[in-house]
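Every read-out reported here was derived from the displayed coordinates using simple, explicitly stated rules and does not represent laboratory data. Remember, predicted model here, so these are calculated numbers, not experimental data. Reconstructed Cβ throughout: ideal geometry from the backbone, glycine too, with neighbour counts over all protein chains shown.
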Amino acid sequence: MRFGFHIWIGEGFSKVPELARKRRARTIQFFSRNPRTWAVSLIPEEEVKKFKVGVETLGIKPLFLHMPYLPNLASPRQDFYLKSIDALSIELERAEILGARFLITHIGSRGEASEAESIERLIKAINYSLDRVRNKVTIVVENTAGQGKQIGYKFSQIKTVIAGIENGERIGVCLDTAHAFQAGYDLSQRDGLEKTLEEFERLIGFDKLKLLHLNDSKTPLGSRVDRHWHVGEGYIGNEGFKNIVNHPKLFHFPGIMETPYKREEDDIRNMSKIESLVSPTPLF
Ligand SMILES: [Zn+2]
Ligand SMILES: [Zn+2]
């Protein structure tokens, strides 16, 4: 598995390759701007050039852009919904500018609407944006923990989303291990992992999977509370991650960690941990 991190862009895109190198990241995820606002900042051309040369030189791939936090592509509030669709279209363009083949988005939150209605709104938002921005960027929907009014915590819901997308080549799925566990898929146990993957294969299919988010969970199985934790130190645990990173159905996918980050050492510790769990001989 190619391991990597979500890398902070606060010091500019030109600094990203070095931050990735220090963490031994072979694949990365990032935002294109401050994720906590609606403001769209320009990306200086010189910064993009240095960024692209840097990641290319280090052989870092694939590149994943993550949507900012505020948009909700399933919002029942029309003004908010339209604003969110605009944000999705803008990020599709920015992904191409930054050389990212994939744009990751959470499935969204339903507010007072039903799950079925919300999924329909999300499908329309994605179809509209893919039609409006005709480039090579694939939208990747990420499973959620099912916290509050979040939708997209069951594989059956993700199946409905995928089935509704007109351009099947530009839609994919990200499996976040913490979110899946919090939603009730027991990835800490070998039989739970097998059951989860069997359901994923049956409802979604591994051809749709583009990456894993390798986060441990600070909250127990089925908590529906989204708290990421250091690899091996949460409820999924070392054994759980050992099974995940060595599983024949998963080991060739990129694995991005979104583990808690205060100092660089935190990331390096998580990288050392996940690397140490890769078995030199087949486990399955
Ligand atoms: Zn995630
Ligand atoms: Zn999360």
Student exercise, the chain dipole from Lys, Arg, Asp, Glu Cβ charges, in Debye to nearest 20: 380 debye
Integer Hz, Karplus 6.51/-1.76/1.60 couplings in order for the stretch 238-253, x for Gly and Pro: 4, 4, x, 5, 4, 5, 5, 6, 9, 5, x, 7, 10, 5, 8, 8
Cut-off under 5 Å, modelled amide H: who pairs with Asn143 long-range: Cys174, Asp176
Relative pair counts by distance (%), Cα atoms of the stretch 197-240, 5 Å bins: 5, 21, 19, 18, 22, 14, 0
5 angstrom amide H check on Gln29, placed H, neighbours 5+ away: Phe5, His6, Ile7, Phe64
Using a Förster distance of 41 Å, the FRET efficiency for Ala163-Glu239 (Cβ separation, nearest 0.05): 0.75
Equivalent ellipsoid semi-axes, the stretch 106-172, via Cα gyration tensor eigenvalues times 5, rooted, Å: 21, 12, 10
Unit charges at the beta carbon, dipole of the chain: most positive-side option, Met257, Gly184, Val161: Met257
Integer Hz, Karplus 6.51/-1.76/1.60 couplings in order for the stretch 109-124, x for Gly and Pro: 10, 8, x, 8, 7, 6, 4, 5, 4, 5, 5, 4, 5, 4, 4, 4
Amide H contacts under 5 Å for Arg2, placed H, 5+ residues apart: Gly255
Interatomic Cα distance distribution for the stretch 3-276, bins of 10 angstrom, percent: 7, 31, 37, 22, 3
Cβ-Cβ FRET estimate between Leu283 and Asp86, R0 fixed at 30 Å, reported to 0.05: 0.05
Within the stretch 88-121: backbone nitrogen closer than 16 Å to the Arg224 label point (7 Å, Cα to C-beta): 108-116
Gap separating the Cα centres of the stretch 9-30 and the stretch 83-162, nearest whole Å: 25 Å
The chain - share of DSSP beta bridges that are antiparallel (%, nearest 5): 10 percent
Dipole-positive endmost among Ile97, Leu58, Leu73 within the stretch 52-137 (Cβ charges, Cα centre): Leu58
For the stretch 44-57, 3J(HN,Hα) per residue [Karplus equation, 6.51 cos²θ - 1.76 cosθ + 1.60, θ = phi - 60°, Hz, x = Gly/Pro]: x, 4, 4, 5, 4, 4, 4, 4, 5, 4, x, 5, 5, 4
Ratio Rg/Rh [Cα only; Rh per Kirkwood] for the stretch 163-255: 0.98
Expected 222 nm ellipticity per residue - DSSP helices of 4 or more, -39500 (n - 2.57), all of the chain, to 500: -12500 deg cm²/dmol
Dipole of the stretch 11-124, positive direction: furthest Cα of Ile85, Ala25, Phe13, with charges on the beta-carbon: Ala25
Residue order, fewest to most surrounding Cβ atoms within 10 angstrom, among Arg77, Arg202: Arg202, Arg77
Cα radius of gyration and Dmax for the stretch 217-284 (Å): 12.5, 35
